[in-house]
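The values are calculated or read from the model by the stated rules, or taken from the named source; none is laboratory data. The shown structure was predicted, so the numbers you read here are calculated from the model rather than taken from an experiment. Here Cβ is always computed from backbone atoms with ideal geometry, including for glycine, and neighbour counts include all displayed protein chains.
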Amino acid sequence: MNQVLIDSCGVSTSLRFTDVSFFIEPNNPDDHKSSCCAGIYRTVECTEVPLRNVISAKVASGAIEVQYLVRKGKESRLNLVMTSGTVQNEDSARAKKWCEALLLVAYQGANPFKNLKVLVNPHGGKGKGRALYVSKVEPIFLAAGCTLDVTYTTHSGHAIEIAREMKLGYDALVTVSGDGLIHEVLNGINQHEHRDQAFCIPIAPIPTGSGNGMSLNLLGLKDGLDVCAAALNVLKGQPLKTDLFAFTQGDRCRVSFMSQTIGITADLDIETEHLRWMGDIRFIVGYIRAIIARKSCPIELSMKVVDQDKSRMMDALHARRVGESPIPSSLPSSLLSDDKKPDSASSSHEEEWTQFKRPILWMYAGQGPFVSRALMQFPVSLADDGLIDISIQEITSRRALLWAMDGAEEGRTYWINTNRYFKASAYRAKPLASKGTLVVDGEQVPFEAFQVDVLSRLGTFLAPYPYYAPEFLVRDIQGKT
Ligand SMILES: Nc1ncnc2c1ncn2[C@@H]1O[C@H](COP(=O)(O)OP(=O)(O)OP(=O)(O)O)[C@@H](O)[C@H]1O
């Protein structure tokens, strides 16, 4: 039953699948053919495809058509490929059953025909969002039979308006952009009439922005910047609950999902806006410029510290990854049950706040691990530990700062050189200078005092793994440098 024979462009070919793979095998191995049309490759090469990459299988007019993603090119990016052919020695009804059986295992019983709200930001990153969506992403959704409700954003803040008014029936909300659009979507959802239900609609990013930190965290370094891998995640990903943060300034509260930063690391983001055409290289250019200027960042900073021992944080992360501990062992027992989690009332107990008094160059708080490909800012962060990671760089030499950049991509060196690292349940900061830059999820906000509290497991994203950032994170820090 797991095999059918087709005639594909005159090549007799066997299609079959096992529990893990789908195989295309020309019966005479010398008979391969492949071509590319409208962005979809057609192939009858001998191929093994992981079942996860199979998108569609159907019979029309006596022909079977299977679409799937295969890796191509030197960067090994995924591409949509089709194999089709008339059915040999089979009747159409059996071929149809074969297609249904293939889809059942390829989607592990989940519904392939998703109802998607898609937001495309034509302005994000290098401005290629629209072109990438039309040429690479939409063909995958259409191949799977998804229903699409697509909006191209026309102005900053547009995604807030759309998410605030959004219908609740979507299977996922797809953002074709960078992290800025996700920030807007979450803040729109926060104002939704049915906020809690709206927060349960999973968000799935397609990385066409500059940093694309969220996509990197969900899909890993290899696939995090691959728009086809991200489209596959929309079809096959599982909902992952993540912590969000309430960022409060005066009486205004916004939702942050990734980071808040002040000092050099905030300047470098905002001051390189005009270098958008460089992609994420602009952040490295900005960092080098900021090191040369090496401005200190006078702030009053206090935190509700839960842990500051890097070694213990790494142990907790490893335990979590191998499934030994559902909640990091560094958490005090007071955080283990919902009724004892920190809330805004308990935040007012002054004695729980620890002040950080030393002069600093920057403070970067949030979750990750990545905020961009070149910056693993929060190597031991967990998506749902009810805590925020706070990384602080005290004043140090330019040489040390340059050295800190080397190896940042793998996380190790940065981890050593970011000299203070805390896990906290809340923190608050007050800039002491009259001018400066404060950035929340890549967006500049007023340079004024603020407080951040954790909103435990409020966000929902689609992810291929049951946790943030797949295997590479464990590899990167396993030496416990
Ligand atoms: N049509 C538009 N014209 C101008 N700005 C827009 C438009 N649509 C959305 N925006 C704004 O573009 C901003 C930047 O988008 P986004 O953050 O997704 O890309 P990025 O900054 O290049 O990537 P990243 O945040 O990952 O570094 C968003 O904050 C949004 O307010």
### Task
For segment 268-308, name all the residues that are surrounded by fewer than 19 Cβ atoms within 10 Å (Cβ to Cβ), more than 27 Å from the chain's Cα centre (by Cα), assigned to a helix (DSSP H, G or I) and touching a residue at least 40 places away in the same chain (Cβ under 8 Å).
ILE292
### Task
Would you check if there is a residue in segment 452-467 being within 16 Å of the ligand (Cβ to nearest atom) and either of a type outside the set (Gly, Ala, Ser) or at pLDDT 95 or above (or both)?
yes
#### Entry: Qualifying strands (runs of 3 or more DSSP E) (wholly inside segment 344-411; at least 1 residues being away from the ligand (no atom under 16 Å from the Cβ), modelled with pLDDT of 85 or more and not hydroxyl-bearing (Ser, Thr, Tyr))
354-356, 360-366, 388-394
### Message
If a residue must be within 12 Å of the ligand (Cβ to nearest atom) and either closer than 16 Å to GLY442 by Cα or more than 16 Å from the chain's Cα centre (by Cα) (or both), how many such residues does segment 190-207 contain?
### Response
2
## Note on the structure
If we take segment 43-137, then strands (runs of 3 or more DSSP E) inside it with 1 or more residues that are within 16 Å of the ligand (Cβ to nearest atom) and under 30 Å from MET166 (Cβ atoms) are 115-120
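In segment 150-162, what count of residues is obtained for those that are under 18 Å from VAL234 (Cα atoms) and either of a type in the set (A, V, I, L, M) or within 7 Å of the ligand (Cβ to nearest atom) (or both)?
1
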### Query
Which of the residues spanning segment 249-262 are buried (at least 21 other Cβ atoms within 10 Å of the Cβ), assigned to a strand (DSSP E or B) and not polar (S, T, N, Q)?
VAL255, ILE262
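Going by the structure shown, is THR265 outside the structural domain of CYS200 (by TED's automatic domain parsing), surrounded by 24 or more Cβ atoms within 10 Å (Cβ to Cβ) and outside any helix (DSSP H, G or I)?
Criteria not met by THR265.
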### Task
Determine, yes or no, whether LYS126 is of a type outside the set (A, V, I, L, M) and free of Cβ contacts under 8 Å to residues at least 60 places away in the same chain.
no
### Message
Looking only at segment 173-188, how many residues end up being more than 8 Å from the ligand (Cβ to nearest atom) and touching a residue at least 60 places away in the same chain (Cβ under 8 Å)?
### Response
4
### Task
Determine if segment 233-240 includes at least one residue that is among the basic types (Lys, Arg), modelled with pLDDT under 95 and either closer than 25 Å to GLU184 by Cβ or not in a strand (DSSP E or B) (or both).
no
### Tally, over segment 208-248, of residues that are over 12 Å from the mean Cα position of the chain (by Cα), buried (at least 24 other Cβ atoms within 10 Å of the Cβ) and within 16 Å of the ligand (Cβ to nearest atom)
1
